[in-house]
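Since the structure comes first, as structure tokens, the remarks are kept for the end.
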Amino acid sequence: MAGSLPTASGRIFISYRREETAYPAGWLYDRLADRYGGGQVFKDVDSIQLGDDFVEAITRAVGSCDVVLVLIGDKWITIADEHGKRRLDDADDFVRLEIQAALTRNVRVIPILVDGARMPRADELPESLAKLVRRQALEFSPARFEFDTSRLFKVLDGTLAEMRKTQEDDDGVPAPAVAAEPGATTGGDPKPLPRQRGHFAPRTLMLGGAAAVAVVILLAVLLLANLQNRSSPSANTAGGQAPVQAGGGGGGIDVDGSTVTSEDGLQLSGLQATSRRDPESPRSGIRSR
């Protein structure tokens, strides 16, 4: 049997007809009381003290509950009073008042179909209870009692936890503090944590990688320029070969290999040397054929 959850807040109201679902309501009450505590579950006779006003006690319980469980048997719609009038048509019927108040407050209402009962249609209910047919129902059978109650517990756990959180927020109760990191202080300005060795921030890694790529590209450009300078031939003039100097200093000979035309119209080719000291020296050439 599941253990009690004393920290769960909120009340669970069980609405049922004694004529048909008293035993299932008793089983369910015991399980809910074991899990959430008897003070969190309301079931008319078990929850009303001797001498309390029955109507006032039920009205007060429905007004403060978070979940209403509506147990529906196969005669839930047709059960009549001693005068033959259908109970649900009576505006003062307790079951009708319970469900009507829960639907008006818009709390979670869970229809529980007991032992093969079907969900009623909207046209079979008073107008004030018509919204009940839109609530998702749980089929509840004694043959699979443990399985069905475990499904119900999952829904109730989530609903009560949500209601507890909402109540704490409304009351201004602060949320649990987040655990501080190792080395952080609890008073005044927090001291920065020392950076661990061997670990770098992502921004530092990105900048270092970009710098390394830039250096590699620059080295490649310089190497390519150096290779092109070594492989290019000496510059020549567009009209012919530039004079080649032989010797050095103020003297020496200028050698000219350009074509020369003689007085009779013949083109001469060969080397022509001119002394810088005697620029009027005769030229020598070889006649071409």
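The values are calculated or read from the model by the stated rules, or taken from the named source; none is laboratory data. Note that the coordinates shown come from a computational prediction; the quantities given were computed from them, not determined experimentally. Cβ placement follows ideal geometry from the backbone for every residue including glycine, while neighbour counts extend to all protein chains displayed. Ligands, DNA and RNA are stripped out before the accessible areas are found, and what is left, the full protein with its side chains, is counted by its heavy atoms. Shrake-Rupley method; radii C 1.70, N 1.55, O 1.52, S 1.80 Å.
When the residues of the stretch 62-75 are narrowed to those that are open to solvent by 10 Å² or more (accessible area, probe 1.4 Å) and more than 17 Å from I112 (Cα to Cα), which ends up modelled with the highest pLDDT?
Step by step, filter the stretch 62-75, then rank; the result is S64.
Got a number for residues in the stretch 39-61 being among the hydrophobic types (A, V, I, L, M, F, W, C), more than 22 Å from N106 (Cβ to Cβ) and either touching a residue at least 40 places away in the same chain (Cβ under 8 Å) or part of a helix (DSSP H, G or I) (or both)? Don't jump to the end; show me each part of the working.
Step one: filter the stretch 39-61 for residues among the hydrophobic types (A, V, I, L, M, F, W, C), giving 41-42, 45, 48, 50, 54-55, 57-58, 61.
Now restrict to residues that are more than 22 Å from N106 (Cβ to Cβ): 45, 48, 50, 54-55, 57.
When the remaining residues are screened for being either touching a residue at least 40 places away in the same chain (Cβ under 8 Å) or part of a helix (DSSP H, G or I) (or both), the result is 45, 54-55, 57.
Count: 4.
Report, by residue number, each residue of the stretch 101-140 that is open to solvent by 20 Å² or more (accessible area, probe 1.4 Å), not in a helix (DSSP H, G or I) and not hydrophobic (A, V, I, L, M, F, W, C).
Within the stretch 101-140, N106, R108, D115, G116, R118, R121, R135, Q136, E139 qualify.
If a residue has to be of a type in the set (D, E), open to solvent by less than 40 Å² (accessible area, probe 1.4 Å) and either more than 11 Å from V68 (Cα to Cα) or not in a helix (DSSP H, G or I) (or both) to count, how many in the stretch 84-100 make the cut?
Result for the stretch 84-100: 1.
Here is a list of conditions, (1) closer than 18 Å to R11 by Cα; (2) touching a helix residue (DSSP H, G or I) at 6+ places or on another chain (Cβ under 9 Å); (3) in contact (Cβ under 8 Å) with a residue 40 or more places away in the chain, and S64 meets all of them except one; can you say which number that is?
Exception for S64: condition (2).
If a residue has to be of a type outside the set (A, V, I, L, M, F, W, C) and touching a residue at least 24 places away in the same chain (Cβ under 8 Å) to count, how many in the stretch 88-135 make the cut? Talk me through it step by step, then tell me what you get.
Initial filter on the stretch 88-135 (of a type outside the set (A, V, I, L, M, F, W, C)): 89-90, 92-93, 96, 98, 100, 104-106, 108, 111, 115-116, 118, 120-121, 123-124, 126-128, 131, 134-135.
Now narrow it down to the ones that are touching a residue at least 24 places away in the same chain (Cβ under 8 Å): 89, 96, 98, 100, 105, 108, 111, 115-116, 118, 120, 124, 126, 128, 131, 135.
Adding up the residues that qualify gives 16.
When you look at D81, is it open to solvent by 80 Å² or more (accessible area, probe 1.4 Å) and over 41 Å from the mean Cα position of the chain (by Cα), yes or no?
no
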